[in-house]
Amino acid sequence: MSEPQSCFKRCEKKYLLSPAQYEAVKRGMAPWMKPDAHPSYTICNIYYDTEHYDLIRASLEKPVYKEKLRLRSYGVPGSLSPVFLEIKKKYDGVVYKRRVTMKARDAVRVLQGAQAGDGSQIGREIDWFLRLYRPEPKVMIAYDREAYAAADGGELRITFDTGLRARANDLDLRAGDHGVPLLNGEQILMEIKLPGAAPLWLAQLLSESRCFPTSFSKYGSFYQQFVCGGRPADKKKEVVLSA
């Protein structure tokens, strides 16, 4: 596997698709897209926020600038498995991600304040974020991803996420990817990631398939449904793990 990328800058557009739209998009993009080097996998995230959810509340107001902190793994990690601690920022429609890689147990210690970051520039930015907001774990969100890359080697990527699920307890990536559904029915979340404007073929395909962009946020959906809406979170018995 190649060295994990630590910095990203790109535009991201999200679409909630029906199964029929999903099939239409898959057929239409076939000449232009190919399965990614890692075409299917499960992503697990723990989102961190202030005690009173200040970060997601500000984000849902759609400001020009917003930021959040999350811990991500690909699959359920063990204590020595690599995870990604990252700050995701969005300014004027452009997404910036800066992340460091560390062992799962070390990430827990950093987030608990028992261990400093790795000393890198990005690590220092994360340390500053932790001192500024004093965030705490709020939710684990997992989903199963199908990923495609541009057949011509360009930067365009298209992903399809299914099985979006969340839980408000067992807030450790090592505790598994269980949770309750975030989306209703058979909706599929498509994300288009590109460095600039969409190519003409993609714009035409989206129009023909009647796919329209949405401002859907996974963490925002959890906050609106479970925190504001009072929907019960996962009741699975908590798993106690040491750092």
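The values are calculated or read from the model by the stated rules, or taken from the named source; none is laboratory data. The structure displayed is predicted, hence computed values, not measured ones. Positions of Cβ are backbone-derived with ideal geometry, glycine not excepted, and every protein chain shown enters the neighbour counts.
Hey, among Leu183, Leu205, which residue is among the aliphatic types (A, V, I, L, M), over 16 Å from the mean Cα position of the chain (by Cα) and either assigned to a helix (DSSP H, G or I) or surrounded by 13 or more Cβ atoms within 10 Å (Cβ to Cβ) (or both)?
Details: Leu183 fails: over 16 Å from the mean Cα position of the chain (by Cα).
Answer to the check: Leu205.
Residues that are assigned to a strand (DSSP E or B) and either closer than 15 Å to Cys228 by Cβ or over 13 Å from the mean Cα position of the chain (by Cα) (or both) within the stretch 42-66 comprise Asp49, Tyr65, Lys66, listed in sequence order. Of all residue pairs spaced 6 or more apart or on separate chains, those with beta-carbon atoms under 7 Å, a first member in the stretch 161-184 that is over 16 Å from Pro232 (Cβ atoms) and a second member that is among the small types (Gly, Ala, Ser) and part of a strand (DSSP E or B) are Leu173/Ser73; Asp177/Ala142. Cβ separations smaller than 8 Å between residues 6+ apart or across chains give the following pairs from the stretch 75-98 residues that are on the phi > 0 side of the Ramachandran plot to residues that are of a type in the set (Val, Ile, Thr) and at pLDDT below 95: Asp92/Val64. Comparison of Tyr48, Tyr15 shows that the only residue that is aromatic (Phe, Trp, Tyr), under 30 Å from Asp170 (Cβ atoms) and either surrounded by fewer than 15 Cβ atoms within 10 Å (Cβ to Cβ) or touching a residue at least 24 places away in the same chain (Cβ under 8 Å) (or both) is Tyr48.
What residue, among those in the stretch 93-136 that are outside any helix (DSSP H, G or I) and of a type in the set (Gly, Ala, Ser), is surrounded by the most Cβ atoms within 10 Å (Cβ to Cβ)? Steps first, please.
Residues of the stretch 93-136 that are outside any helix (DSSP H, G or I), as a first pass: 93-103, 112-120, 134-136.
Still in the list and also of a type in the set (Gly, Ala, Ser): 93, 113-114, 116-117, 119-120.
Values: Gly93: 9, Gly113: 11, Ala114: 10, Ala116: 12, Gly117: 19, Gly119: 9, Ser120: 12.
In this case the residue turns out to be Gly117.
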